[in-house]
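See structure below.
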Amino acid sequence: MGRFVRNGNQWNSLDLASIGMTLVFAIGIGSGLGWWVGGKWGNQSIGLIVGFVLGTASGFMEMFRAVARWNRRVERHERANRTDGGNV
């Protein structure tokens with residue numbers, strides 16, 4: 001069974017886990033800040049909802065960026081394989 005090894009073309013398990021962790025942390029930080037700001041302004045529940053929505057949106061945006069970086073890396077590798085005649 002192969003291990004995840006990063007040699008420029010593959011991802012290791014920490015790279016893959018960081019995508020999910022980024023989403024979780026963005027939601028947590030957004031919710032916490034929304035709850036805190038909402039408490040300062042007098043309505044914690046609205047602040048929590050707004051913070052959750054903004055945190056979720058920012059987490060998904062970063063997740064999509066990470067997947068796009070991975071796709072570009074895979075496409076570069078496939079393009080290199082085609083130009084080398086498949087000998088890597």
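Just so it is clear, none of the values below were taken in a lab; they were calculated from the coordinates. Here the structure is a predicted model, which means the values were calculated and not measured. Cβ sites come from the backbone with ideal geometry, for glycine too, and all protein chains shown count toward neighbours.
Which of the numbered conditions does Ile49 fail, given that it passes all the others? Conditions: (1) under 24 Å from Ala26 (Cα atoms); (2) out of contact with any helix residue (DSSP H, G or I) (no Cβ under 6 Å at 6 or more places or on another chain); (3) exposed (fewer than 15 other Cβ atoms within 10 Å of the Cβ). Here Ile49 clears every test but (3). If I ask for residues that are within 29 Å of Trp70 (Cβ to Cβ) and outside any helix (DSSP H, G or I), which ones from the range 12-55 would you list? Passing the criteria: only Asn12.
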